[in-house]
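Notes for the one structure printed next.
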Amino acid sequence: MRLLGDAPGPLLLLALIGFGLGVPIFFWLARRAGRRVLGRPLVPISSSRTLLTMFLCLATLGAGCMAAGFLVALRDYRIFTAKAHVAEIQCIELEPTHLRLYYVPIEPDGTRGATESYDLDGDEWSVGGNVLRFRPFVTRLGVTTAHRVTRVEGRWLKAADAGAHKPTAFDRAGGTTAAWLVLFRDGATGPLGFLIAGAHGQAVSQLPDRRALFNLYVTPNGYVLEKRAT
């Protein structure tokens, strides 16, 4: 994990200069104040020079703290808005309510996996799986959301249509395993609850569109879907 590798150069330089100048000045002033309290001899300096030194200390430390604060805020923003590409999806309508979905998994290193195809019945297609979210302090340490896409299925817009038709659903990647079921039951409330924010199933759905590709991403909050034209 890179803590400062993506930090903007000017902000990082300002923080280093601010603390590099401000901290030694602060300790010099603190040493003089301590010697004065203890009644030890001091090299005399004018009041104007003392005030100027105090102002310089406050200005440099203030600039360093401000830059460091911006760096931390920017890093948190990038961490909590980060997304990892999970899959590329296309779904076409063969005829009304009969769909064909193409699913291409994307490995963490960006490698494209073998294309999977599924024939679905419904108005929409849906892709979902299992998501394990971590507490914010764990996410700040660079731990990303764990997940597994386990289900592809058709979806009806109206509940009456869903009840009148036999569902079409397919497991993938081994489905939901026993380990995931344990996390569902006890992940956020068990011994690891101080690390785990939540473990649950989650799905996204969309209408078929032969002129579009959908990118499936996982974020610190779970799955998101982005549409782009082919």
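The table below lists the values:
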read-out: Filtered trypsin sites (Lys or Arg not before Pro), segment 87-189: DSSP coil and at most 12 other beta carbons within 10 Å; value: K158
read-out: Under the Karplus curve 6.51 cos²θ - 1.76 cosθ + 1.60, θ = phi - 60°, whole-Hz ³J(HN,Hα) for segment 144-160, x wherever Gly or Pro sits; value: 9, 4, 8, 7, 7, 7, 10, 9, 10, 8, x, 9, 9, 6, 9, 4, 5
read-out: Gain upon complete extension [A146, R185; 0.36 nm per residue less C-alpha separation]; value: 12.4 nm
read-out: Residue order, fewest to most beta carbons within 10 Å, for Y217, Y77; value: Y77, Y217
read-out: Whichever lysines have a C-alpha closer than 19 Å to that of K227, once near sequence neighbours (fewer than 8 apart) are set aside; value: K83
read-out: Cut-off under 5 Å, modelled amide H: who pairs with A188 long-range; value: A199
read-out: Reachable aspartates and glutamates from K166, criterion Cα separation under 16 angstrom, eight or more residues apart if same chain; value: D119, D121, D123, E124, E153
read-out: Net charge of neighbours whose Cβ lies under 15 Å from the Cβ of G187, counting Lys and Arg as +1 and Asp and Glu as -1; value: +3
read-out: Kirkwood hydrodynamic radius over Cα pairs of segment 84-229, then Stokes diffusion coefficient at 10 °C and 1.306 mPa s, in µm²/s; value: 98
read-out: Amide H contacts of L120 (H built 1.01 Å from N, under 5 Å, at least 5 apart or other chain); value: L99, R100, L101
read-out: Net dipole in debye of the chain [+1 Lys, Arg Cβ; -1 Asp, Glu Cβ; about Cα centre; nearest 20]; value: 1900
read-out: For segment 74-83, Karplus couplings with θ = phi - 60° (6.51, -1.76, 1.60), whole Hz, Gly/Pro x; value: 5, 5, 4, 4, 5, 5, 7, 10, 5, 9
read-out: Gain on full stretching of the segment that runs from E95 to A82 - 0.36 nm per residue minus C-alpha separation; value: 0.9 nm
read-out: In sequence order, calculated HN-Hα J values of segment 53-65 (Karplus, 6.51, -1.76, 1.60; Hz; x Gly/Pro); value: 5, 5, 4, 4, 5, 5, 5, 5, 5, x, 5, x, 5
read-out: Computed FRET value (nearest 0.05) for A164 with Q202, which takes r as the C-beta separation and R₀ as 25 Å; value: 0.45
read-out: Gyration tensor (Cα) of segment 9-80, equivalent ellipsoid semi-axes in angstrom; value: 33, 12, 8
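Quick note: the coordinates plus some simple rules give every number you see, no bench work behind them. Not measured: the values here are computed from a predicted model. For neighbour counting, all protein chains shown are included, and Cβ atoms are generated from backbone atoms with ideal geometry for every residue, glycine included.
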